[in-house]
């Protein structure tokens, strides 16, 4: 029997077959997707929720946990070591982010032209970005070794006094910024080069016809067009800077005298050296909240710039 709906005839058997086929397709899809879902849940969602609960506990990763409420967060607020780690992270971020973004824009503008070997120049700028931070740390640890490094050997030949570099509390953090700029600016260059391809040529030509020079074109045409790209890079570089760890771990291990202890290194130290996992989790969530606030703020400005 068939039922008539309006002018269309629907066979109940065909309807049941379609439903069965849909269920089978759904089951097959879930069979393929479920391993990835389990991995995502097991490696991201579950640890995030577990660490959130851990931040309200006193836990040494061995003994049974004890619920302490907001005690870990209150201790963080009064901990001078955490305050120093925050200060070092902010100094690192305040130097690295604007210098990498502005430097990346300047280099991108220089490389946005048709000259011989331009592909080679762009590649050389980008290569340091693909070198791992661990490899960078090992390389510069040898170069900047106070006793046997090439840097002090060169200074000696130039008649300049030897420097302490990573062993000097007044230099170590700024050297880390310099190394990060050497590697991280290349990413900004590539992104800006891609953004420059989207600058309308007719706007540039119109500005030149109106008498605008290079500075005028850059100020009134190029920079406004690149505003969304700039906001993205500021957000990306800020997140990278606030989470710096591997370069510190390989080169200075937070020293000398704690002058390069940043937030993520502080978190690692508390979790795996002093075994105060609950306290470490609280510091991690303090960083997460800071990243969330920064991300939302920059997204707000990005939307305003896009209007």
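The values are calculated or read from the model by the stated rules, or taken from the named source; none is laboratory data. Keep in mind that this is a model prediction, so the values were computed, not measured. Glycine gets a Cβ as well: all are built from the backbone with ideal geometry, and neighbour counts include every protein chain shown.
Taking first residues from region 192-205 that are in the same structural domain as residue 125 (by TED's automatic domain parsing) and partners that are modelled with pLDDT under 80, the Cβ contacts under 8 Å between residues at least 6 apart in sequence or on separate chains come to 204/217. So is residue 65 modelled with pLDDT under 90, farther than 23 Å from residue 196 by Cα and surrounded by 15 or more Cβ atoms within 10 Å (Cβ to Cβ) or not? Here the answer is yes, as residue 65 does meet what is asked. Against the definition (assigned to a helix (DSSP H, G or I) and either over 27 Å from residue 261 (Cβ atoms) or outside the structural domain of residue 269 (by TED's automatic domain parsing) (or both)), how does residue 62 come out, yes or no? Here the answer is no, as residue 62 does not meet what is asked. Take the conditions under 18 Å from residue 93 (Cβ atoms) and touching a residue at least 40 places away in the same chain (Cβ under 8 Å) and apply them to residue 278. Does it pass? No. Do the conditions hold for residue 122, that is, is it without any contact (Cβ under 8 Å) to a residue 12 or more places away in the chain and within 28 Å of residue 215 (Cβ to Cβ)? No, not satisfied. Would you confirm, using the coordinates I've provided, whether residue 261 is in the same structural domain as residue 105 (by TED's automatic domain parsing), under 24 Å from residue 185 (Cα atoms), part of a helix (DSSP H, G or I) and in contact (Cβ under 8 Å) with a residue 40 or more places away in the chain? Here the answer is no, as residue 261 does not meet what is asked. Put simply, of 249, 232 the only residue that is within 22 Å of residue 135 (Cα to Cα), in contact with a helix residue (DSSP H, G or I) (Cβ under 8 Å, 6 or more places away or on another chain) and surrounded by fewer than 20 Cβ atoms within 10 Å (Cβ to Cβ) is 249.
Residues checked against (1) assigned to a helix (DSSP H, G or I); (2) without any contact (Cβ under 8 Å) to a residue 60 or more places away in the chain; (3) farther than 30 Å from residue 58 by Cα:
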residue: 211; (1), (2), (3): no, yes, yes
residue: 217; (1), (2), (3): yes, yes, yes
residue: 230; (1), (2), (3): yes, no, yes
residue: 238; (1), (2), (3): yes, no, yes
residue: 268; (1), (2), (3): yes, yes, no
residue: 283; (1), (2), (3): yes, no, no
